[in-house]
1. Using only the alpha carbons of segment 297-399, determine the length spanned along each of the three principal axes and report them from longest to shortest in whole angstroms.
2. Connecting C-alpha atoms closer than 10 Å in a GNM of the chain, tell me which of 187, 232, 31 has the biggest fluctuation.
3. Between segment 343-379 and segment 301-336, what's the alpha-carbon centroid distance in Å?
4. Need one word for the chain: rounded, prolate or oblate. Basis is the Cα gyration tensor (sqrt eigenvalues a ≥ b ≥ c); a/c below 1.5 gives rounded, then a/b vs b/c decides.
5. If contacts are Cα pairs under 8 angstrom and at least 6 residues apart, what is the relative contact order of the chain in percent?
6. Kindly work out what percent of the DSSP beta bridges joining two residues of the chain are antiparallel, to the nearest 5.
7. Quick one: compute the contact order of segment 83-219, relative version, from alpha carbon pairs under 8 angstrom and 6+ residues apart, as a percent.
8. Among rounded, prolate and oblate, which fits segment 188-306 when a ≥ b ≥ c are the square roots of the eigenvalues of its C-alpha gyration tensor, a/c under 1.5 means rounded, and a/b larger than b/c means prolate?
Ligand SMILES: *Cc1c(COP(=O)(O)O)cnc(C)c1O
């Protein structure tokens, strides 16, 4: 080969720096994940392939983010269109794609306004800041409190690990942010006690409609309906974290639609961009109180992420993916319930909404979620734990009936070989 002065566009992979082993990878990348020992390099629809060419059915979908699976034509088109036109210029200017996405979200939810950022944690951080400003300016509270639930998950920034009611995420990171306390999820008596305890200080109750990370635990309708009444009575904001369950995954566009209530504020991220990083915090006009200077994000709402997210939203509608989430979700639940009956020593129950389903392992079983996930990988099925004893199924919303059957058969095989 002749040497060239300009880097070749068609440089072969061999000419680029390649990390060719997990130990070399670990030498350069911080050790923040207990990675499974495969390297994924390509995807199409609900399938991905590793660097050895082995095929996997992807029921993780980038942790409930790849709404349209991998290499979806609508996303390829949107990515290409926008990167050729304008990808990022900052929020110093008006950006039509951001306005278009906000309009779609407002017209398809209970909210009146949207703020954009880049992740779930940032969306929740924005909601927490909004609640604090609401406390100071609307309720006259100097030391506001926010209640969240045990076993919740709201992100990994300091404020959001504080909001997250799981000590394992907080350990070694104290001092935490002040102004948070926790209640058991789905326990109205405990919530009423906490509301009374913090009377005059409480500005918000922040919950997931269904706890995802904390074990795929759906909220009770009666619990959320009573919370709505309490919030109205005390002018407390009800903030719902829709980061994992929103965007059609629950079989409705928003998780709160399963509960028969509307939040004052809600957050979205994971599924919103179909795997392209984007987050959003939405609120009703009654608490639309941010003014210039209050909150910002350099990348938030950039035309690239917003145009791609809008293509995801439109594809969800055009291809009836919410109905698909409901129907394929029911098929998945039925199949897993049959599995639960077949392995009563190991499986406790199956729970979830739409295409977020948890297979709950018995406490008495020696199996952990990680064992089943590891077994699934060997059989060509990707799954993700939600805590120690729950295996989470969150496939792309485009998943087919045949793929659901394949996943169920694979789980059966995995459990059979787990003895
Ligand atoms: C994943 C998740 C988050 C955090 O989102 P990031 O994009 O990882 O910051 C927050 N809340 C819920 C409910 C989540 O599932």
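Every read-out reported here was derived from the displayed coordinates using simple, explicitly stated rules and does not represent laboratory data. Bear in mind that the values here come from a model prediction, so they are computed numbers and not experimental data. Every residue, glycine as well, gets a Cβ built from its backbone with ideal geometry; the counts of neighbours run over all protein chains shown.
1. Principal-axis extents of the Cα atoms in segment 297-399, largest first: 51, 32, 23 Å.
2. Taking springs between Cα atoms under 10 Å, the residue moving most is 31.
3. 25
4. Oblate, because a/c is 1.5 or more while a/b does not exceed b/c.
5. 21
6. Given both bridge residues lie in the chain, the antiparallel proportion sits at roughly 65 percent.
7. Contact order relative to length: 22 percent.
8. Note, shape of segment 188-306 comes out oblate.
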